[in-house]
Amino acid sequence: MSAAAGQTWDADAYARNGRFVADLAVDLVGWLAPQAGERILDLGCGDGALTEKLIEQGAQVVGADASPELVAAARARGVDARVIDGQQLGFDAGFDAVFSNAALHWMKRDPDAVLAGVARALKAGGRFVAEMGGAGNVAAIRGALHEVLAARGHDAAAADPWFFPTLADYRRRLEAAGFTVTAIESFARPTLLPGDIGGWLRTFAQAFLAIVPEAERDAVIAEVQDALHTRLANQAGQWTADYVRLRFVALKTPRQ
Ligand code: BEZ
């Protein structure tokens, strides 16, 4: 995943509150089916937990992420990770595949520039295999953030860092960027969180919290938590986030 405006990743907090992101995407590696010796770009490699799985299968992997903190954590695992904005990829036709998990939705400013950069990075016929948040992802959480912030006089829309496209929208963008889509699906993945929603918000919703004075942030988190409690927490106090995934395989269409 990449850094977005207002978001700074803390690798230890991410390991505590976000490890499930890589754990739940292990089958996406099956979609990629990395082969020994293939050159693969892991776009939004985060702390490298999933990148390691590609390396274990013998691929030569470059990790790219906009967060210096997460790139440092990935390097500590031995990943060849580099600080790169996914909207400004500078690779040229060297990769057999580009892989991305839970990162593309952070690249909201220019999603088409991301796809153009991925297409440039791939060899002809190369594959782009990715999973991201799809339309409706964390809708309850996002809605509560917007409501709580609006009630306090803040414009959450301007701060909202997430891009969750519909399947049809993203397919159109992939095709416009020169890909042939061979598989694409969107599905709900209600996800049990390792802690409460407060930990999730502090880890993943910093861009929203950043628009309120620091002294008000705990109160905002408490209000969002109250607003969501009946929908997302069970009797035992366990929280489930309303994730929706969009995943696809797209091939760089060879030029005629
Ligand atoms: C996601 O992986 O879908 C996601 C994670 C954090 C914030 C928003 C979405």
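The values are calculated or read from the model by the stated rules, or taken from the named source; none is laboratory data. What you see is a predicted model, and the numbers here were worked out from it, not measured in a lab. Virtual Cβ from ideal backbone geometry, glycine too; neighbours counted across all protein chains shown.
Condition check ((1) within 16 Å of the ligand (Cβ to nearest atom); (2) surrounded by fewer than 16 Cβ atoms within 10 Å (Cβ to Cβ); (3) outside any strand (DSSP E or B); (4) among the acidic types (Asp, Glu)) across all residues:
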position: 128; (1), (2), (3), (4): no, no, no, no
position: 141; (1), (2), (3), (4): yes, no, yes, no
position: 154; (1), (2), (3), (4): no, no, yes, no
position: 158; (1), (2), (3), (4): no, yes, yes, no
position: 163; (1), (2), (3), (4): yes, no, yes, no
position: 170; (1), (2), (3), (4): yes, no, yes, no
position: 174; (1), (2), (3), (4): no, no, yes, no
position: 181; (1), (2), (3), (4): no, no, no, no
Residues of segment 47-72 being surrounded by 24 or more Cβ atoms within 10 Å (Cβ to Cβ) and out of contact with any helix residue (DSSP H, G or I) (no Cβ under 8 Å at 6 or more places or on another chain), in sequence order, are 67, 71
Note on segment 73-114: residues part of a helix (DSSP H, G or I), among the aliphatic types (A, V, I, L, M), surrounded by 23 or more Cβ atoms within 10 Å (Cβ to Cβ) and out of contact with any strand residue (DSSP E or B) (no Cβ under 7 Å at 6 or more places or on another chain) are 73, 114
Can you name every residue in segment 110-148 that is aliphatic (A, V, I, L, M) and farther than 15 Å from residue 174 by Cβ?
124, 135, 138, 139, 140, 141, 144, 145, 148
Considering segment 196-245 alone, what residues qualify as being among the polar types (S, T, N, Q), assigned to a helix (DSSP H, G or I) and either under 25 Å from the mean Cα position of the chain (by Cα) or within 14 Å of the ligand (Cβ to nearest atom) (or both)?
203, 206, 225
From the list 138, 129, 79, 118, which residue is more than 21 Å from residue 204 (Cβ to Cβ), within 15 Å of the chain's Cα centre (by Cα) and not aromatic (Phe, Trp, Tyr)?
129
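With respect to residue 143, is the statement that it is on the phi > 0 side of the Ramachandran plot and either in contact (Cβ under 8 Å) with a residue 60 or more places away in the chain or among the small types (Gly, Ala, Ser) (or both) true?
Judged against the criteria, residue 143 is not a match.
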Residues of segment 14-31 being within 13 Å of the ligand (Cβ to nearest atom) and either of a type in the set (A, V, I, L, M, F, W, C) or over 26 Å from residue 214 (Cα atoms) (or both), in sequence order, are 19, 20, 21, 22, 23, 24, 25, 28
Filter segment 2-53 down to the residues that are under 17 Å from residue 189 (Cβ atoms) and aromatic (Phe, Trp, Tyr), then identify the one that is modelled with the lowest pLDDT.
20
Quick check: anything in segment 186-197 farther than 27 Å from residue 97 by Cβ, modelled with pLDDT under 95 and out of contact with any strand residue (DSSP E or B) (no Cβ under 7 Å at 6 or more places or on another chain)?
yes
Give all pairs with beta carbons closer than 8 Å in which a residue from segment 193-208 that is in contact (Cβ under 8 Å) with a residue 60 or more places away in the chain meets a residue that is within 12 Å of the ligand (Cβ to nearest atom) and hydroxyl-bearing (Ser, Thr, Tyr); count only pairs at least 6 apart in sequence or on separate chains.
203/14
Restricting attention to segment 127-156, the residues that are within 22 Å of residue 104 (Cα to Cα) and of a type in the set (D, E, K, R) number exactly 3
Segment 192-212, residues that are of a type in the set (Gly, Ala, Ser) and closer than 14 Å to residue 158 by Cα
205, 207, 210
